[in-house]
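Enquirer: One structure, pasted below without further comment.
The values are calculated or read from the model by the stated rules, or taken from the named source; none is laboratory data. Computed from a predicted model, the values in this text were never measured in an experiment. With ideal geometry, Cβ positions are generated from the backbone for all residues, glycine too; neighbour counts draw on all protein chains shown. Accessible surface is based on the protein model in full, side chains and every heavy atom, while ligands, DNA and RNA are left aside. Shrake-Rupley method; radii C 1.70, N 1.55, O 1.52, S 1.80 Å.
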Amino acid sequence: MKKKLLASVFVLGTTAGAFAPTTILASDVIGEPTADIQINGSLGLDNTDPEEEIEEGDTNWINVTLDTATIFYNLAGTISINSPTYNIANNSGRPVAVSVKNFASNSGDYSAISALDIVSPSPLSASRRLIANGQLQDFTPESSGVIFTLANREGRLTATGDTSNPTSTTFSYSGAVTSANISEANPSFTLTLQLDAVNF
């Protein structure tokens, strides 16, 4: 009997400012009853353009395409956990760092899961443990860390860097259950990814 365990992915961006930057000039107004302030607007900005005037680290740089309905499964008579392969791609003019912000149970019994990891293959070669010995792992800014960083849409990790870096990758789930004869279960989880635009 095939046991299918469901997981979903939520995505968060960094919580930096909201709009494009402007040059800030300060002037002294002395002995005058009025003061003029110049206002320069920017409309229709393109966050796929590395030269765009969007503030460094701003959430408006985030432009990522990823699979957000995912599964993993264990077949009766085996202990391994497997999953299909899913995709994530950076369309932005800035590199994007991807980390785990939270992993939470929605429903179902997952006590038989001895290990569950989210894994990204070479060349990024990264993984994070989500469940260990039937316990959800706690993710904080100090302990989570970046899983991987995707280069900007031109393949750059820095403004003057080369264009050979990955702009996309795949991810999957792997792990194990405690026994080849566990009871059937259908736990469901929410994986929340943190997406942060990397300054050029």
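Enquirer: Find the residue count for the stretch 171-192, including only residues that are among the β-branched types (Val, Ile, Thr) and more than 16 Å from residue 103 (Cα to Cα).
Expert: Just the residues of the stretch 171-192 that are among the β-branched types (Val, Ile, Thr), to begin with: 177-178, 182, 190, 192.
Keeping just the survivors that are more than 16 Å from residue 103 (Cα to Cα) gives 177-178, 182.
Selection size over the stretch 171-192: 3.
Enquirer: Go through the stretch 165-200 and count every residue that is assigned to a loop (DSSP other than H, G, I, E, B) and within 21 Å of the chain's Cα centre (by Cα). I'd like the intermediate steps shown before the answer.
Expert: Residues of the stretch 165-200 assigned to a loop (DSSP other than H, G, I, E, B): 165-167, 178-187, 198-200.
So of that shortlist, the ones also within 21 Å of the chain's Cα centre (by Cα) come out as 165-167, 198-200.
Selection size over the stretch 165-200: 6.
Enquirer: Something else now. Name the residues in the stretch 135-161 that are closer than 24 Å to residue 84 by Cβ, open to solvent by less than 60 Å² (accessible area, probe 1.4 Å) and either in contact with a Cys (Cβ under 6 Å, 6 or more places away or on another chain) or in a loop (DSSP other than H, G, I, E, B) (or both), would you?
Expert: 139
Enquirer: Consider residue 168 against the criteria (1) surrounded by fewer than 20 Cβ atoms within 10 Å (Cβ to Cβ); (2) more than 12 Å from residue 96 (Cβ to Cβ): it satisfies all of them except one. Which criterion is unmet?
Expert: Failing condition for residue 168: (2).
Enquirer: For the stretch 26-47, indicate whether the set of residues that are more than 28 Å from the chain's Cα centre (by Cα), within 24 Å of residue 158 (Cα to Cα) and either outside any helix (DSSP H, G or I) or not basic (Lys, Arg) (or both) is non-empty. Give the derivation first.
Expert: Step one: list which residues in the stretch 26-47 are more than 28 Å from the chain's Cα centre (by Cα), which gives 26-41.
Going one step further and asking which of them are within 24 Å of residue 158 (Cα to Cα), we end up with none.
No, the stretch 26-47 contains no residue that is more than 28 Å from the chain's Cα centre (by Cα), within 24 Å of residue 158 (Cα to Cα) and either outside any helix (DSSP H, G or I) or not basic (Lys, Arg) (or both).
Enquirer: Something else now. Can you pull out every residue in the stretch 32-44 that is open to solvent by less than 100 Å² (accessible area, probe 1.4 Å) and modelled with pLDDT of 90 or more?
Expert: 35
Enquirer: Right, another one. Pull up the stretch 60-80, narrow it to residues that are within 23 Å of the chain's Cα centre (by Cα) and open to solvent by 50 Å² or more (accessible area, probe 1.4 Å), then point me to the one that is farthest from residue 117 (Cα to Cα). Break it down into steps so the answer makes sense when it comes.
Expert: To start, the set of residues in the stretch 60-80 that are within 23 Å of the chain's Cα centre (by Cα) comprises 60-73.
Filter once more, so that each one left must be open to solvent by 50 Å² or more (accessible area, probe 1.4 Å): 60, 65, 67-69, 73.
Numbers: 60: 30, 65: 21, 67: 17, 68: 16, 69: 16, 73: 13 Å.
Here the residue is 60.
Enquirer: Condition first: assigned to a loop (DSSP other than H, G, I, E, B), loosely packed, with under 12 Cβ neighbours inside 10 Å and in contact (Cβ under 8 Å) with a residue 40 or more places away in the chain. Can you find one or more residues in the stretch 48-59 that meet it?
Expert: So far as the stretch 48-59 goes, yes, one or more of its residues are assigned to a loop (DSSP other than H, G, I, E, B), loosely packed, with under 12 Cβ neighbours inside 10 Å and in contact (Cβ under 8 Å) with a residue 40 or more places away in the chain.
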